[in-house]
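The values are calculated or read from the model by the stated rules, or taken from the named source; none is laboratory data. Since we're looking at a predicted model, the values are computed, not measured. Ideal geometry is used to build each Cβ from the backbone, glycine not excepted, and the neighbour counts take in all protein chains shown. Heads up: the accessible areas ignore ligands, DNA and RNA and are worked out on the full protein's heavy atoms, side chains in. Shrake-Rupley method; radii C 1.70, N 1.55, O 1.52, S 1.80 Å.
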Amino acid sequence: MATDPIRPTDASARGLARGLLRSARSASLATLTPDGHPFASLTSLATDIDGTPLILVSSLSGHTGNLIADPRCSLLIAPGGKGDPLAHARITLIATAETIDRETDLGRRVRRRFLARQPKASLYVDFPDFSFFALRLQRASLNGGFGRAYELEAGDVLSDCSQAGALIEAEEGAVEHMNEDHADAIQLYATNLLGGEEGAWRLSGLDPDGADLMLGDRALRLAFDEPATTPDALRNTLVALAGKARSAA
């Protein structure tokens, strides 16, 4: 009798899935051509506060026309590593693409978060042929390495922002405040808690489940032990992590 290769979803799988998504700056995007044939391409990537993948694409690209005609798509995030590439964790996200109106609060947040993650995109972000899409997750397939396969629901990958309205409103200011006034704490997060190299690390985003750090093209994800859904909870979490990072020096 065949053994089911899919493991029960647990906190470890959820954490791995979220870490892969939040740490990625690029992914393989699969769309459908008008004749129904799969079409794979490479795209730069950012995430909204809840973890929804965000892409910026040109109307001149084949995948953009495909998404407009049929919004069904998937993303493969596979950072790889040394040795056998199949020994490393990767995740496939099944999604539906939604065009983002730039002139809305959502559109302005998407633009800000995308550029914080992909600063070089500032060279072309406002070209008239470029548009933002949010990839609304339906489900995901996670492979944590040999013998570690999981089938995940969208809620297993995304952050729960249902009670985080005030945090969402405060996120932009909190990121600016941390980068301007607490750069030393950010460096300690990166080096002492995450094993990153010395450098002028900055925050590119905050959300209930963690913080995104950037140094040039290098990205790190600082996951929180417990969700922080209010500005006060976020502040307390960042202060506690700074203390932990200093103790680890």
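What pairs come out if I take residues in the range 133-151 that are touching a residue at least 12 places away in the same chain (Cβ under 8 Å) and pair them with residues that are of a type in the set (Ser, Thr, Tyr) and assigned to a loop (DSSP other than H, G, I, E, B) whose C-beta lies under 9 Å away, six or more apart or interchain?
Within 9 Å, the pairs are ALA134/THR52; LEU135/THR52; ARG136/THR52; LEU137/THR52; LEU142/THR9; TYR150/THR9; GLU151/THR9.
Can you name the residue in the range 205-218 that is open to solvent by less than 20 Å² (accessible area, probe 1.4 Å) and small (Gly, Ala, Ser) and, of all such residues, is nearest to ARG117 (Cα to Cα)?
Let us first name the residues in the range 205-218 that are open to solvent by less than 20 Å² (accessible area, probe 1.4 Å), namely 205-208, 210-214.
Still in the running and small (Gly, Ala, Ser): 205, 210-211.
Details: GLY205: 8, GLY210: 15, ALA211: 12 Å.
The selected residue is GLY205.
Can you find, within the range 9-35, the residue that is least open to solvent (accessible area, probe 1.4 Å) among those that are under 12 Å from the mean Cα position of the chain (by Cα) and charged (D, E, K, R)?
ARG22
For the range 132-154, which positions are closer than 28 Å to GLU103 by Cα and not polar (S, T, N, Q)? Don't jump to the end; show me each part of the working.
In the first step, residues of the range 132-154 are kept if they are closer than 28 Å to GLU103 by Cα; the result is 132-138, 154.
Matches in the range 132-154: PHE132, PHE133, ALA134, LEU135, ARG136, LEU137, ALA154.
Within the range 38-58, which residues are under 21 Å from PRO128 (Cβ atoms) and either under 16 Å from the mean Cα position of the chain (by Cα) or modelled with pLDDT under 95 (or both)?
THR43, SER44, ALA46, LEU54, ILE55, LEU56, listed by residue number.
For the range 48-59, does any single residue satisfy the condition of being out of contact with any helix residue (DSSP H, G or I) (no Cβ under 8 Å at 6 or more places or on another chain) and farther than 21 Å from GLY216 by Cα? Explain how you work it out, then say what you get.
Residues of the range 48-59 out of contact with any helix residue (DSSP H, G or I) (no Cβ under 8 Å at 6 or more places or on another chain): 50, 52, 55.
Cutting the leftovers down to farther than 21 Å from GLY216 by Cα gives us 50, 52.
Checking the range 48-59: at least one residue is out of contact with any helix residue (DSSP H, G or I) (no Cβ under 8 Å at 6 or more places or on another chain) and farther than 21 Å from GLY216 by Cα.
Mind checking which residues of the range 57-72 are open to solvent by 10 Å² or more (accessible area, probe 1.4 Å), of a type in the set (A, V, I, L, M, F, W, C) and in contact (Cβ under 8 Å) with a residue 40 or more places away in the chain?
LEU60
Scan the range 219-234 and give yes if some residue there is touching a Pro at 6+ places or on another chain (Cβ under 9 Å), touching a residue at least 40 places away in the same chain (Cβ under 8 Å), buried (at least 17 other Cβ atoms within 10 Å of the Cβ) and of a type in the set (D, E, K, R), otherwise no.
No, because not a single residue in the range 219-234 is touching a Pro at 6+ places or on another chain (Cβ under 9 Å), touching a residue at least 40 places away in the same chain (Cβ under 8 Å), buried (at least 17 other Cβ atoms within 10 Å of the Cβ) and of a type in the set (D, E, K, R).
When you check ILE6 against the structure, is it at pLDDT 95 or above, among the β-branched types (Val, Ile, Thr) and either surrounded by 18 or more Cβ atoms within 10 Å (Cβ to Cβ) or more than 23 Å from GLY216 (Cβ to Cβ) (or both), yes or no? Reasoning before the result, please.
Numbers: at pLDDT 95 or above: no; among the β-branched types (Val, Ile, Thr): yes; either surrounded by 18 or more Cβ atoms within 10 Å (Cβ to Cβ) or more than 23 Å from GLY216 (Cβ to Cβ) (or both): yes.
Answer is no for this residue.
Under 8 Å by Cβ, and 6 or more places apart or on different chains, what pairs join a residue from the range 14-38 that is outside any strand (DSSP E or B) with one that is hydrophobic (A, V, I, L, M, F, W, C) and open to solvent by 50 Å² or more (accessible area, probe 1.4 Å)?
Here the result reads GLY15/ALA223; ARG18/ALA223; GLY19/ALA223; THR33/PHE39; PRO34/ALA69, each pair linking the range 14-38 to a residue that is hydrophobic (A, V, I, L, M, F, W, C) and open to solvent by 50 Å² or more (accessible area, probe 1.4 Å).
Filtering the range 89-123 down to residues that are part of a loop (DSSP other than H, G, I, E, B) and acidic (Asp, Glu), which residue is most open to solvent (accessible area, probe 1.4 Å)?
By that ranking, first place goes to GLU103.
Out of all the residues in the range 124-157, which are open to solvent by less than 20 Å² (accessible area, probe 1.4 Å), farther than 17 Å from SER23 by Cβ and either over 16 Å from the mean Cα position of the chain (by Cα) or acidic (Asp, Glu) (or both)?
Listed by number, the residues that qualify are VAL125, TYR150.
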